[in-house]
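Following: one structure in structure tokens, then a few remarks.
The values are calculated or read from the model by the stated rules, or taken from the named source; none is laboratory data. Everything numeric in this text was worked out from a predicted model, so none of it was measured. Here the Cβ is made from the backbone with ideal geometry for all residues, glycine too, and neighbour counts use every protein chain on show. Surface areas here come from the heavy atoms of the whole protein model, side chains and all, with no ligands, DNA or RNA. Shrake-Rupley method; radii C 1.70, N 1.55, O 1.52, S 1.80 Å.
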Amino acid sequence: QVQLVESGGGLVQAGGSLRLSCAASGSIFSINTMAWYRQAPGKQRELVALITSGGRTTYGDSVKGRFTISRAKNTVLLQMNSLKPEDTAVYYCNVNAYTMAGLDDAWGQGTQVTVSS
């Protein structure tokens, strides 16, 4: 099983920056993908950014050019710049990995990001 610990959310003014961190632990053999999703009130959860084991990245259209996903071993970071009020949401870390028990798709508890106008 993969355990995830997220940190870095908070309140920031529009135009500001935040960095989210998610550390994965457990009996991990290999990580396939690490990603960040977000869910705003009344909306569906959406992909923000994803990074593969080979370092390939994918971004949601609304964050391209402003957010950067990176990975260091079993930690995934999301650098968020030029934040907008519409970026306000709960951000969730997601890790897809092979463990001793097989393939695991783990989710973090979520961290609130609030951008004031």
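The table that follows gives values for the structure above.
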read-out: Sole residue being closer than 17 Å to Gly110 by Cα, touching a helix residue (DSSP H, G or I) at 6+ places or on another chain (Cβ under 8 Å) and among the small types (Gly, Ala, Ser), chosen from Ala14, Ala35, Ala49, Ala23; value: Ala49
read-out: Unique match (being out of contact with any His (no Cβ under 9 Å at 6 or more places or on another chain) and at pLDDT below 95) among Gly9, Gly16, Gly60, Gly65; value: Gly9
read-out: Qualifying positions in the range 1-17 - open to solvent by 30 Å² or more (accessible area, probe 1.4 Å) and over 10 Å from Val115 (Cα atoms); value: Gln1, Gln3, Val5, Ser7, Gly8, Gly9
read-out: Whichever residue in the range 79-95 is under 12 Å from Gly10 (Cα atoms) and of a type in the set (Ser, Thr, Tyr) and, among such residues, is nearest to the chain's Cα centre (by Cα); value: Tyr91
read-out: Of all residues making up the range 99-109, the number that are surrounded by 15 or more Cβ atoms within 10 Å (Cβ to Cβ) and either over 23 Å from Lys73 (Cβ atoms) or small (Gly, Ala, Ser) (or both); value: 2
read-out: Yes/no for Arg38 being among the basic types (Lys, Arg), at negative phi and open to solvent by 30 Å² or more (accessible area, probe 1.4 Å); value: no
read-out: Residue match in the range 42-59 (condition: open to solvent by 80 Å² or more (accessible area, probe 1.4 Å), under 14 Å from Leu20 (Cα atoms) and not small (Gly, Ala, Ser)); value: no
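A quick yes/no check of all residues on (1) closer than 11 Å to Ala49 by Cα; (2) under 14 Å from the mean Cα position of the chain (by Cα); (3) open to solvent by less than 60 Å² (accessible area, probe 1.4 Å); (4) of a type in the set (Phe, Trp, Tyr):
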| residue | (1), (2), (3), (4) |
| --- | --- |
| Gly65 | no, no, no, no |
| Leu77 | yes, yes, yes, no |
| Ala97 | no, no, yes, no |
| Thr111 | no, yes, yes, no |
| Val115 | no, no, yes, no |
